[in-house]
Amino acid sequence: MSDGQWRSSETGSLLSSRPIGEGMTEISIRGDFVTMVIVPEAGGKILHLIDNESGFDLLWQNPRVPIGRTYAGAPFDDVWCGGWDDIFPTDAQCEIGVNTFHDHGDLWIGPWTWSTEKDDPEETVIRLSRNSVSLPCTVDKWITVRRGGHGISVNLRLTNRGLSPVRFMWNQHIAHAISPGSRVHMPVSQMGVIPPAPSLGDVPVVAWPINDGVDLSRLAGPEAGVLEFLYAKDLRAGWCAVTHPSQGVAVRIEFDKEVYRTPWLWRVLGGWRGHHVLLTEPCTSLPGNLATAIVNDSAATLAPGTSLETEMRVVVSHEFDPEAPGDQDPVT
């Protein structure tokens, strides 16, 4: 985390904050077991998720791009510092009719408003909110950290304030810090493949986790020079997990699979800008942009004047099976 003076909101509170330059504020919520740090002015980014016992930050930080205020027109890849972002209503930039949709959507390109809804010695709840620019929609997010909890709760609400239905993509863009030996788990038997993926061959689908004798759940080091973009074909349950045997810690992300129907998996093992990072992206739609999602009918729809509400749960644990198969839940 950056230097500066933390200021607690009250004695015994889990919540503290500090300025970090460019008009930004780091908000820290520290329980007994986990600490979360959020920067509202940087697109509402969840910057850190720290296991207090080991000090390990489960979220990846780009070593060459520091945290900064975000702005419309920025190319996502060039200002992306890591962490956890909301991507809505598209992933890749596109145009539909007279409407232009920004690279990686509207939510990360400016500040979120925030307020404290509960702050006592046992539990903190903060609310963040941002309007979409390209669609008449608002996203609200409530993040809850309990003092004795081993994780966090994220409650989300998407509201269509317009007069017509909206089509959209919405994913949770979660960048995991990894090292050789880290593993990813997802309850599927097949993964779709977005080309090019030279290490997997010219095939549209691979078996998961074992494909042609190779365990794809095991993550190689950056020397592998691999970049693979996969997505779930037959999701059985709403969770994914990443384990770190060298750190003795694991994280499981739970979500509603009726909302986030097609989780994406972006394995960057040295094959993109020399980085070593894993992204798990629970998503409403198939990979691509909103225009392609409308064509292939994987775009979600929200009626006018209605809201979509969903909950995610992130559990950090030292109790996990490092040898659990990659399609099984390793967290015990």
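What is region 64-196 by shape, rounded, prolate or oblate, if you read a ≥ b ≥ c off the alpha carbon gyration tensor as root eigenvalues and call it rounded for a/c under 1.5, prolate for a/b larger than b/c, and oblate otherwise?
oblate
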Exercise. For the chain, what is the mean residue ellipticity at 222 nm derived from helices alone (per DSSP H run of n ≥ 4: -39500 (n - 2.57); sum divided by total residues; nearest 500 deg cm²/dmol)?
Worked result: -500 deg cm²/dmol
Exercise. How fast does region 197-238 diffuse by Stokes-Einstein, in µm²/s, taking the Kirkwood radius from C-alpha pairs at 37 °C and 0.692 mPa s?
Worked result: 280 µm²/s
Exercise. What is the set of long-range amide H partners of W60 at a cut-off below 5 Å, with H atoms built 1.01 Å from backbone N?
Worked result: G83, A175, H176, A177
For this session: Of all alpha-carbon pairs in region 242-294, indicate the percentage at a distance above 14 angstrom.
Result: 66 percent
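If R₀ is 45 angstrom, what is the calculated FRET efficiency for the pair V295 and V65, using the beta carbon separation as r and rounding to 0.05?
My answer for the efficiency is 0.85.
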Problem set entry | Euclidean distance of C-alpha centroids, region 54-131 and region 198-270, integer Å | 23 Å
Problem set entry | Exposed chymotrypsin sites (Phe, Trp or Tyr not before Pro) absent - longest run of the chain, DSSP non-H/G/I/E/B, at most 14 other C-beta within 10 Å | 72-332
Seminar exercise, completed: Bounding extents of region 16-116 in its principal axis frame from Cα atoms, largest first in Å, are 51, 25, 23
Exercise. Long-range amide H contacts for D256: which residues qualify at under 5 Å (H placed 1.01 Å from N, peptide plane, sequence gap of 5 or more or a different chain)?
Worked result: E311
Exercise. Just in region 83-150: which GluC sites (Glu not before Pro) are loop by DSSP and have at most 15 other Cβ atoms within 10 Å?
Worked result: E122
Problem set entry | log₁₀ of I(q)/I(0) at q = 0.25 Å⁻¹ - region 140-219, Debye sum with one point per alpha carbon | -1.26
Exercise. Rounded to whole Å and sorted largest first, what semi-axes of the equivalent ellipsoid does the C-alpha gyration tensor of region 144-186 yield via the square root of 5 times each eigenvalue?
Worked result: 32, 19, 7
Exercise. With point charges of +1 on the Cβ of Lys and Arg and -1 on the Cβ of Asp and Glu, referenced to the Cα centre of the chain, which listed residue (T144, V295, V206) lies farthest in the positive direction of the dipole?
Worked result: V295
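Rounded, prolate or oblate: which fits region 184-275, taking a ≥ b ≥ c as square roots of the Cα gyration tensor eigenvalues, rounded meaning a/c under 1.5, else prolate when a/b beats b/c?
oblate
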Seminar exercise, completed: Once normalised by the length of the chain, the mean sequence separation of its alpha carbon contacts under 8 Å that are 6 or more apart gives a contact order in percent of 16 percent
For this session: Restricting things to alpha carbons, tell me how big the chain is in terms of Rg and Dmax, in Å.
Result: 19.1, 59
Seminar exercise, completed: In whole angstrom, largest first, the equivalent ellipsoid semi-axes that the Cα gyration tensor gives for region 173-332 are 25, 20, 14
For this session: Report the equivalent ellipsoid semi-axes for region 34-89 in whole Å, largest first, defined as the square roots of five times the eigenvalues of the gyration tensor built from alpha carbon atoms.
Result: 22, 12, 9
Exercise. Is the shape of region 249-332 rounded, prolate or oblate, going by the alpha carbon gyration tensor and its root eigenvalues a ≥ b ≥ c, with a/c under 1.5 for rounded and a/b larger than b/c for prolate?
Worked result: oblate
For this session: Quick one: go through region 226-242 and flag any residue whose amide nitrogen is under 12 Å from the point 7 Å out along the Cα-to-Cβ line of V214.
Result: 226-229
For this session: Return the lysines within reach of K233: Cα separation strictly under 21 angstrom, same-chain partners fewer than 8 residues apart disregarded; answer none if there are no such residues.
Result: K257
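Read the figures in this text as sums done on the coordinates, not as results from a lab. All figures in this text were calculated on a predicted structure; none of them were measured in a lab. Here Cβ is always computed from backbone atoms with ideal geometry, including for glycine, and neighbour counts include all displayed protein chains.
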